[in-house]
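The next block holds one structure in the form of structure tokens; read it before the comments.
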Amino acid sequence: MTDLTTYLTSTQLAYDTAAGAYAEIVPPLFPQDLYAHAVFGVFAERVKRAGGGPVADLGCGPGHVTAHLDSLGLSAFGVDLSPKTVAEARRAHPGLRFEEGTMTGLDLADGSLGGVVAWYSTVHTPPELLPTVFAEFHRVLAPGGHLLLGFKVGDLLRHLDHAYGHDLSLDVYWLDPEHVLGLVEQAGLQVEAQLIREPEEYERATQGRQAILIARKPDDATA
Ligand SMILES: C[S@@+](CC[C@H](N)C(=O)[O-])C[C@H]1O[C@@H](n2cnc3c(N)ncnc32)[C@H](O)[C@@H]1O
């Protein structure tokens, strides 16, 4: 079992090490994820119809997803654990706001967001800490606000000691979508949709199925 401090310290170190390479390799792949783009469109429309409000891209990496949310007409900003990754995001998208922070304890007011996106950023969170993270998402969302999650499907922990051309130490969890759905509901969010897709051609060598989940904080939620 990994404790909170070990998870945060090791994940930050890994992404600080790989920040430059990650920023070169991953953003160009995002436009190839056609299912993601369809669901991001739905998410953006849901947030707008629920009254808009700021949208936090939590675990934003180099900011390409934040920029996509911005292009969809959302008031998006990014938060990431890794200072070097935040620097990459600021460099790539100087017109957008990026902050350092952790989704296990966000520096954001209760009910202040119209949307939360966690796009492959909970994949490093030890599953026993996911209730803490989902409780944070619930806390910062306004009633009627939406959550969009992307994650890897499976039942395994993959430990990487080399990635993006660097030696590092990083845990990646592949999770059962039904388990994740249950944790999201236990946090007080209502699941609206879940999509499971097969790996795209460019992912097949290293990836399995991928999941996208959209949930909503009830209108009558108090906290
Ligand atoms: C696989 S990358 C995904 C980045 C980006 N969302 C994307 O789709 O390319 C995971 C990101 O989540 C960040 N991260 C992991 N745990 C975090 C936490 N507790 N709080 C904030 N960011 C976190 C990492 O620093 C890294 O940038």
Listed residues Gly114, Gly41, Gly145, most fluctuating in the chain (Gaussian network, C-alpha, under 10 Å): Gly41
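Note down the relative contact order for the chain as a percent, whole number, built from C-alpha pairs under 8 angstrom at least six residues apart.
Details: 437 pairs, mean separation 44.3, N = 223.
Value for the chain: 20 percent.
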Charge dipole (the chain, unit charges on Cβ, about Cα centre) - positive-most of His37, Gly51, Leu141: Gly51
Selection from Ala21, Trp119, Thr11, by position along the positive dipole direction of segment 1-144 (Cβ): Trp119
Global form of segment 33-148, assessed from the alpha-carbon gyration tensor, a/c cut-off 1.5: rounded
GNM result for the chain, Cα springs below 10 Å: residue of Gly165, Gly59, Gly78 fluctuating most strongly: Gly165
Candidates Ile212, Ile25, Ile196, ranked by Gaussian network fluctuation over the chain, Cα under 10 Å, top entry: Ile25
Of all accessible heavy-atom area on segment 57-131, the percent that carbon and sulfur account for (1.4 Å): 51
Alpha carbon Rg of segment 29-76, scaled by the compact-globule rule 2.2 N^0.38 Å: 1.10
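Show me the three semi-axes of the equivalent ellipsoid for the chain, from the C-alpha gyration tensor (sqrt of 5 times each eigenvalue), largest first, rounded to whole Å.
Details: eigenvalues 118, 76, 66 Å².
Semi-axis lengths for the chain are 24, 19, 18 Å.
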Rounded Å value of the spacing that divides the Cα centres of segment 5-73 and segment 188-223: 14
For Phe98, residues with placed amide H under 5 Å, excluding near neighbours: Gly78
Charge dipole (segment 1-149, unit charges on Cβ, about Cα centre) - positive-most of Met103, Ser71, Cys60: Ser71
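If you place +1 on the Cβ of every Lys and Arg and -1 on the Cβ of every Asp and Glu, how big does the dipole about the Cα centre of the chain come out, in debye to the nearest 20? Can you show the working numbers first?
Working: 15 positive and 29 negative charges, 110 e Å.
I would put it at about 520 debye.
The values are calculated or read from the model by the stated rules, or taken from the named source; none is laboratory data. Everything quoted here is computed from the prediction, not taken from an experiment. With ideal geometry, Cβ positions are generated from the backbone for all residues, glycine too; neighbour counts draw on all protein chains shown. Ligands, DNA and RNA are excluded from the accessible area calculation, which covers all protein heavy atoms including side chains. Shrake-Rupley method; radii C 1.70, N 1.55, O 1.52, S 1.80 Å.
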